[in-house]
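Trainee: Dumping the structure here so I can ask a few things about it.
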Amino acid sequence: MKWVKRIGGALAALVVLGALVAGGVFLWAKHRVKVVLAKTWETHQGDFPIPFPLSDAELAQLRAERSKPLANADPSAATDGTGTADADADPLAGVDLDSVALQGAQARGKHYVTATYVCVNCHGADFTGGTMLDDPAIGTL
């Protein structure tokens, strides 16, 4: 009977020791995760205007598009008051080029997101997230 008590006591001591070791490992792992997640990673930062300014080719195309209506305009509506169209007038005068560049950038971005890169498959239509993979054997991404 003594040997049963000794074996039982030894097993109880092993269980308590195992619980202490498991608790210590858990606390150590929790601390390590906290340290790793608290780490801040810095990447390079770009210094460029958003949206990009219009290129010379885009400005030339915009001038050509806007000069066609001016060439066909009514001579009585000329800006110089003489009844003749001002040939030297810049067709881009008064045009908000930043707004035109922003509209072009938004159109390109929409094209990239929906057609080229198909970002909405992973990120969702409103970029709040989506499920790429949902497999019990692998997990959910």
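Values quoted throughout were computed directly from the atomic coordinates according to the rules given, and no laboratory measurement underlies them. Computed from a predicted structure; not experimentally measured. Cβ atoms come from the backbone with ideal geometry, glycine included; neighbour counts cover every protein chain shown.
Trainee: How many nm is it between the label spots at Ala115 and Leu14, if each spot is 7 Å from the Cα in line with the beta carbon?
Mentor: 7.0
Trainee: State, in angstrom, two size descriptors of the chain derived from its alpha carbons: Rg to one decimal place and Dmax to the nearest whole number.
Mentor: 35.1, 125
Trainee: Going toward the positive end of the dipole of the chain, with +1 on Lys and Arg Cβ and -1 on Asp and Glu Cβ, which of Leu37, Gly104, Ala57 do you reach last?
Mentor: Result: Leu37.
Trainee: Now a separate question. By how many nm would the segment from Phe26 to Val100 lengthen if fully extended, with 0.36 nm per residue of separation less the alpha-carbon distance?
Mentor: So the chain would gain 20.9 nm between Phe26 and Val100.
Trainee: Using helices alone, I'd like the mean residue ellipticity at 222 nm for the chain: each DSSP H run of four-plus residues gives -39500 (n - 2.57), total over residue count, nearest 500.
Mentor: It lands at -17500 deg cm²/dmol.
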